[in-house]
Amino acid sequence: MSLSDTLGNPVDVRPQGQSFHITYADDEVAGRADFRDTDGERLFFHTEVEEQYGGRGLASTLLDAALAATAADGLTVVAVCPFVKARLEKDAGPVTWRKPSPDDLTWLRRHL
């Protein structure tokens, strides 16, 4: 699927280590969604778009692609990040998700 920002510029979302990165054609990273995987779950804990790229819809594009990839991987999303939680409460689509428990937060702190 072809992705673009709200100005029509092409972007790409791909996993990079324990994050999904959104980039422009020059491979400059414009934003990221950070996660940690454990026991069939993916804990998303931080989503950020660089200030100079704000207002282009990149956070939503990034998150939609990251969530689709997570669903395709058969993982449950644990929405630690407030942006991820708000997006999923609005429309989870095919994503299986849940809110974090205190144990999730303790585990995440140990693995950051």
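The values are calculated or read from the model by the stated rules, or taken from the named source; none is laboratory data. Keep in mind it's a predicted model, so treat the numbers as computed, not measured. All Cβ positions, even for glycine, are placed from backbone atoms using ideal geometry, and neighbour counts span all protein chains on display.
When segment 77-93 is limited to residues that are in a loop (DSSP other than H, G, I, E, B) and in contact (Cβ under 8 Å) with a residue 24 or more places away in the chain, the one that is farthest from Phe35 (Cα to Cα) turns out to be Gly93.
Return yes or no: is His111 under 9 Å from the mean Cα position of the chain (by Cα) and surrounded by fewer than 20 Cβ atoms within 10 Å (Cβ to Cβ)?
Judged against the criteria, His111 is not a match.
Looking at segment 94-104, which of the residues that are within 17 Å of Thr47 (Cβ to Cβ) and without any contact (Cβ under 8 Å) to a residue 40 or more places away in the chain is surrounded by the most Cβ atoms within 10 Å (Cβ to Cβ)? Result: Trp97.
Is it the case that some residue within segment 23-44 is in contact with a Gly (Cβ under 6 Å, 6 or more places away or on another chain) and in contact (Cβ under 8 Å) with a residue 12 or more places away in the chain?
No.
Are any of the residues in segment 47-55 modelled with pLDDT of 95 or more, loosely packed, with under 15 Cβ neighbours inside 10 Å and in contact with a Gly (Cβ under 7 Å, 6 or more places away or on another chain)? Yes, segment 47-55 contains at least one residue that is modelled with pLDDT of 95 or more, loosely packed, with under 15 Cβ neighbours inside 10 Å and in contact with a Gly (Cβ under 7 Å, 6 or more places away or on another chain).
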